[in-house]
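Here is the structure we will look at, set down as structure tokens.
The values are calculated or read from the model by the stated rules, or taken from the named source; none is laboratory data. In this text, all values refer to a predicted model and were calculated from it rather than measured experimentally. Here the Cβ positions follow ideal geometry from the backbone for every residue, glycine too, while neighbour counts run over all protein chains shown. Accessible surface areas use protein heavy atoms only, side chains included; no ligands, DNA or RNA. Shrake-Rupley method; radii C 1.70, N 1.55, O 1.52, S 1.80 Å.
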2 protein chains.
Amino acid sequence: MSAEDVVNGIEAISLEKNPEDVCQAEGEDDYVDPWTVTSKSDAGIDYDKLIKRFGSSKVDDEILARLEKVSGKPCHHLLRRGIFFSHRDLHTILTLKEQNKPFFLYTGRGPSSDSMHLGHLVPFIITKWFQETFDVPLVIQLTDDEKSLWKDLKVEEAMRMARENAKDIIALGFDVRKTFIFSNLDFMGRCPAMYQNIIRIQRCITFNQVKGIFGFGDSDVIGKIGFPAAQAVPCMSTTFPFIFGNRKVQCLVPCAIDQDPYFRMTRDVAPRLGFPKPALIHSTFFPALQGAKSKMSASDQNSAIFLTDTPKQIKSKINKHAFSGGRDTVEEHRALGGNTDVDVPYQLLKFFLEDDAELEQIRVAYSTGAMLSGEIKKKAVETLQPIVEEHQKRRKLVTDEILNEFMSLRKLDFS
Amino acid sequence: MSAEDVVNGIEAISLEKNPEDVCQAEGEDDYVDPWTVTSKSDAGIDYDKLIKRFGSSKVDDEILARLEKVSGKPCHHLLRRGIFFSHRDLHTILTLKEQNKPFFLYTGRGPSSDSMHLGHLVPFIITKWFQETFDVPLVIQLTDDEKSLWKDLKVEEAMRMARENAKDIIALGFDVRKTFIFSNLDFMGRCPAMYQNIIRIQRCITFNQVKGIFGFGDSDVIGKIGFPAAQAVPCMSTTFPFIFGNRKVQCLVPCAIDQDPYFRMTRDVAPRLGFPKPALIHSTFFPALQGAKSKMSASDQNSAIFLTDTPKQIKSKINKHAFSGGRDTVEEHRALGGNTDVDVPYQLLKFFLEDDAELEQIRVAYSTGAMLSGEIKKKAVETLQPIVEEHQKRRKLVTDEILNEFMSLRKLDFS
């Protein structure tokens, strides 16, 4: 009896956590689903509670130590600083690595604007680190179909944005020999395995289930109802026969925690189709400039630092909009110190200032009142300006030809 | 403002008929949806009532006369005999023809068994007649995705059956220069326009609507919920850019009346995407050998005459299983005559005996009692045996190469 036989006729799947718990538990201050993230607290989402609610595991010292041991190098600062704070089955991936068995990376982006912002880079930065550390193939999905369904976007427009965003992703320095980038609205029509696996997945999931997991209702369009299968399907390695042949290879998905519902669903379906459950590593949200009550959003110009912003714009946005954890007066600040938990300039440094010692210095200076609000803002500006400028330089070099190469169906180079 | 702009944000579509009315009106004896057809009456479905319930138009003498005038030749016997009894916008198609404007034909089949039965040929026979009469391109969809979702069928198995069924269809004599045959599980991965148009359609239809039209429920799998868009999409000519470029060409769909719900839905969506509403011509159901209370079904061996049956099997099935409208004794039959309305051998002749005069002779003889039940069965056997034998001969000539040619993406030959 094959895995597919097992599937036929089975309608109910048991979710890892009760789906009703997922978005917002009663009496909770935080709301998290793939489309909305809000918190009533200035410090943002309570991530420890989220781990409990989602039923994932904490990225703790033990797994970081194991990661360093297996990789033979220090963990990336996004790991060290708890920004990637939660995981599922990361130990399984490390065991595979120890046993010299293959796995691959899968991450993605929903292209809803021409320009990505700083927060969008976070999953790609850690993905690149994992790829370089473990020398594994990587597939990057651009969900232009999702954006066409959810946003007021024409198919052609969503596809154009997907290509623009792909150039920003490539500018991070991914290795074309090991990386395949695809947009759903394009790739679906170039590889029959994608739709075939989607049908296999869509045969395992009822409306009741996506209702519970994603909060869909009767007045939602049928495209939305079917879409979760499109985000799930890259976890099945046979979706990419030109890379994996018909081998069923384990995958690791770095993503922000709001994407977890898709993969909880996928982890239920995968074994029924004979695939390993995808492993996950989840990041916290990148805060809006206005503070951690919401995440940085491309649809609000003032909430975000875009990868197309000029040094002047970056300076002005941080000075004008970045929520401060400083005190009302200099005197008070000197006496009591600032609050790094809610201070957005400090949070930006935590994501983007690589030097641990310098960051710790800043933390101490700011929270004791030695460093003023204007000074930490200046530091954030000076840290981000060159990062964005460098990015813009590299992005200019990404031609349509290079993009087409990343998006072409081909073998990837890995052992 | 483009057609797509009109779509965005609109959730409700006004159906041509109240969807609740569709499957079974209260107090009615007939049940009709794409998966089930049953009637409490021996004479089968009341088709006049169905026309009223579905809101379609009767194929009456006036439209047949116009069809003969425009085509310059007599109507096919399946039209003359009221087997294609209902239509939507057939007048529009005839007007296009008069104005020398293009249209195309679209029909299909859900491949759920290796062998097709006689009833499956009916839409293809009339489609071939329309194609030859009007010299227009034809696309034939094999919904192997649907069968994989609804039946206990693996993806590979459904795709294999699609190819087997396509050979039977080709054996009817379609012109490869004017005909494109495709299976969804294959074509979706070979032509990006298909998925792009599906997303455009799926963005216009809510779960509430497919619930009303098809009777889907919360425990149905999401593949089923999304599928109607896959059957709708060939009505949009841009799904086949290699045939139509980006022209939005009107289409005519010959099909059995149970498929109408898909196209009622499509007719609501098409104008919102800038396409003409598909025109339709509907056939009655091909009766099961056991009688017109249900339709011939490939899943019940004894209900169907398969295209693979031997002359002996055909004879034995008709003699053994074909429901008779004859009387209990010869004496009674001679005195009162048989009932052609419920007599399956007579119905088979009505579908497959081309000679009108001979059919009328048989009808008179049988209903006056001059012809006995055994005699009309013999006539049915003798009519069907050579049709099936000839079909088998032609099917043997359909090689994989010929099939691949029909299924290859290419320009079709039409003016």
**Fill in**
Normalised Cα Rg of the protein assembly as shown, dividing by 2.2 N^0.38 Å with N its residue count, works out at 1.13
**Fill in**
Largest-first semi-axes in Å of the equivalent ellipsoid built from the Cα gyration tensor of the range B:120-268 are 25, 18, 16
**Asked** Mind checking which of A:342, A:37, A:364 has the largest fluctuation in a GNM of chain A, springs on alpha carbons under 10 Å?
**Response** A:364
**Request:** Determine ³J(HN,Hα), in whole Hz, for all residues of the range A:49-59 in sequence, where each value follows from phi through the Karplus function 6.51 cos²θ - 1.76 cosθ + 1.60 and θ = phi - 60°; x replaces Gly and Pro.
**Result:** 5, 4, 4, 5, 5, 7, x, 9, 10, 6, 6
**Message:** As I understand it, the value is the acute angle between the Cα axis of helix A:260-269 and the longest principal axis of the Cα atoms of chain A; what does it come to in degrees, rounded to 10?
**Reply:** 20 degrees
**Fill in**
With label points set 7 Å from each Cα along the Cα-to-Cβ direction at residue B:319 and residue A:397, the distance between them in nm comes to 8.5 nm
**Message:** Among B:369-377, B:70-78, how do they line up by average Cβ neighbours within 10 Å per residue, starting with the highest?
**Reply:** B:369-377, B:70-78
**Fill in**
In whole Hz, the Karplus estimates of ³J(HN,Hα) for the range A:161-178 (6.51, -1.76, 1.60; θ = phi - 60°; x where Gly or Pro) are 4, 4, 5, 4, 5, 4, 5, 4, 5, 4, 4, 6, x, 5, 8, 4, 6, 10
**Where Cα atoms sit under 30 Å apart: lysine pairs in the range A:61-186 separated by 8 or more or lying on different chains** = 22
**Prompt:** Hey, got the average number of other protein chain Cβ atoms within 10 angstrom for residues in A:140-151?
**Reply:** 2
**Item:** Summed side-chain charge close to residue A:98 - residues other than residue A:98 whose Cβ falls under 11 Å, Lys, Arg +1, Asp, Glu -1
**Value:** +4
**Asked** Counting pairs on different chains as well as pairs 8 or more places apart, how many Lys pairs in the range A:311-396 have Cα atoms under 17 Å apart?
**Response** 17
**Asked** From largest to smallest, what semi-axes in whole angstrom does chain B give when each is the square root of 5 times an eigenvalue of its alpha carbon gyration tensor?
**Response** 35, 24, 22
**Request:** Describe numerically, in nm with one decimal, the distance between label points set 7 Å from Cα along Cα→Cβ at residue A:101 and at residue B:175.
**Result:** 5.9 nm
**Asked** Can you give the helix-only mean residue ellipticity at 222 nm for chain B, where every DSSP H stretch with n ≥ 4 adds -39500 (n - 2.57) and the sum goes over all residues, rounded to the nearest 500 deg cm²/dmol?
**Response** -13500 deg cm²/dmol
**Asked** residue B:35: accessible area at probe 1.4 Å, nearest 10 Å²?
**Response** 70 Å²
**Asked** Along the axis that rotates chain B into chain A, which residue of chain B has the nearest beta-carbon, and what is the gap in whole Å?
**Response** B:226, 2
**Prompt:** Put A:31, A:195 in order of accessible area, largest first, 1.4 Å probe: what do you get?
**Reply:** A:31, A:195
**Message:** Largest first, please: the extent of the C-alpha atoms of the range A:311-396 along each principal axis, to the nearest Å.
**Reply:** 47, 27, 16
**Asked** Tilt of helix B:373-396 relative to the longest C-alpha principal axis of chain B, in degrees (0 to 90, nearest 10)?
**Response** 40 degrees
**Asked** Taking H as built 1.01 Å from N, whose amide H comes closer than 5 Å to the amide H of residue A:215, not counting residues under 5 places away?
**Response** none
**Request:** For the protein assembly as shown, build the charge dipole from Cβ charges (+1 Lys, Arg; -1 Asp, Glu) around the Cα centre, then report which of A:381, A:208, B:210 sits farthest towards its positive end.
**Result:** A:381
**Asked** Of B:62, A:157, which has the most accessible area with a 1.4 Å probe, and how do the rest follow in descending order?
**Response** B:62, A:157
**Message:** Please compute the per residue accessible area over the protein assembly as shown with all protein chains in place, 1.4 Å probe, rounded to a whole number of Å².
**Reply:** 38 Å²
**Complete:** If one compares the long axis through the Cα atoms of helix B:61-71 with the longest principal axis of the Cα atoms of chain B, the angle in degrees, nearest 10, works out at 70 degrees
**Request:** Apply the Karplus parameterisation 6.51 cos²θ - 1.76 cosθ + 1.60, with θ equal to phi minus 60°, to every residue of the range A:127-143 and state each ³J(HN,Hα) to the nearest whole Hz, in sequence, with x for glycine and proline.
**Result:** 4, 4, 4, 4, 5, 5, 6, 10, 6, 10, x, 9, 10, 10, 9, 10, 8
**Amide H within-cut-off set for residue A:109, under 5 Å, with H built and near neighbours excluded** = A:141, A:142, A:143
**Asked** the range B:29-150: D in µm²/s via Stokes-Einstein (Kirkwood Rh, Cα pairs, 37 °C, 0.692 mPa s)?
**Response** 200 µm²/s
**Asked** Residues with amide H under 5 Å of residue A:37's amide H, sequence separation 5 or more or different chain, H placed in the peptide plane at 1.01 Å from N; which?
**Response** A:295
**Item:** Highest-fluctuation residue, B:218, B:186, B:168 considered, GNM on chain B with Cα pairs under 10 Å
**Value:** B:218
**Asked** Setting aside same-chain residues fewer than 8 positions from residue A:293, which aspartates and glutamates have a Cα under 13 Å from its Cα?
**Response** A:29, A:30, A:42, A:46, A:341, A:343
**Request:** Please report, in debye to the nearest 20, how large the charge dipole of the range A:256-340 is about its Cα centre when each Lys and Arg carries +1 at its beta carbon and each Asp and Glu carries -1 there.
**Result:** 200 debye
**Prompt:** Which value, in debye to the nearest 20, gives the size of the charge dipole of the protein assembly as shown about its Cα centre, when Lys and Arg are +1 and Asp and Glu are -1 at the Cβ?
**Reply:** 1700 debye
**Message:** At 1.4 Å probe size, with the rest of the protein present, what percent of the exposed accessible area of chain B is carbon and sulfur atoms?
**Reply:** 49 percent
**Complete:** Of all DSSP beta bridges having both residues in the protein assembly as shown, the percent classed as antiparallel (nearest 5) is 45 percent
**Item:** Electrostatic dipole magnitude of the range B:295-415 [Cβ: Lys, Arg +1; Asp, Glu -1; Cα centre; debye, to 20]
**Value:** 360 debye
**Asked** Per residue of A:185-192, what is the mean number of Cβ atoms on other protein chains within 10 angstrom of that residue's Cβ?
**Response** 6
**Request:** Jot down the per residue volume, in cubic angstrom and as a whole number, of the convex hull over the alpha-carbon atoms of the range A:353-415.
**Result:** 134 Å³
**Message:** Cut-off 10 angstrom, C-alpha nodes, Gaussian network model of chain A. Which of A:185, A:359, A:142 fluctuates the most?
**Reply:** A:359
**Item:** Dipole of the range A:46-284, positive direction: furthest Cα of A:94, A:161, A:254, with charges on the beta-carbon
**Value:** A:94
**Prompt:** So how much accessible area does residue A:332 have, in Å² to the nearest 10, using a 1.4 Å probe?
**Reply:** 70 Å²
**Request:** Report the residues of the range A:295-327 in range of a label on residue A:378: point 7 Å along Cα→C-beta, backbone N strictly under 14 Å from it.
**Result:** A:319
**Message:** List the aspartates and glutamates whose Cα sits under 17 Å from the Cα of residue A:411, skipping any in the same chain fewer than 8 residues away.
**Reply:** A:135, A:175
**Request:** Can you pull out the buried accessible area for chains A and B, both sides counted, probe 1.4 Å, rounded to the nearest 100 Å²?
**Result:** 3800 Å²
